[in-house]
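The values are calculated or read from the model by the stated rules, or taken from the named source; none is laboratory data. Note that the structure is a prediction, hence the values are computed from the model and not measured.
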Amino acid sequence: MASFKFCQECNNMLYPKEDKQQRRLIFACRNCAYEEDADNLCVYRHEIVHAPSEQTMVLTDLSADPTLPRTLTPCPRCGHQEAVFFQSAARRSDTKMTLFYVCSNKACGHRWVD
């Protein structure tokens, strides 16, 4: 993982810079001429964290899954009386215990949260 590096001559922060002639990554000080080779080529790492509601959109044909529990809750879109429900699969501490419902009408397939 990328970390901060500091100049050994003036203690200012080193910034990533490309050496175009030798095609390598170096860290250079903006205040003096100090440079050092990069031991880790990772300059920035962007981690995408999906919300639980986004993760449920990946699943398809939930209404046909025989392992999921069913309830007699009417669909807000089509009015069908049966729905499949499940809890969020996210294991993060900031997620709530939310129930997600999917209409069991194959033509509708509407998803909602209680």
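Kindly establish whether residue 68 is assigned by TED's automatic domain parsing to the domain that holds residue 4, at pLDDT below 95 and part of a loop (DSSP other than H, G, I, E, B). The answer is no for residue 68.
Residues that are hydrophobic (A, V, I, L, M, F, W, C) and within 30 Å of the chain's Cα centre (by Cα) within the stretch 27-41 comprise 27, 38, 41, listed in sequence order.
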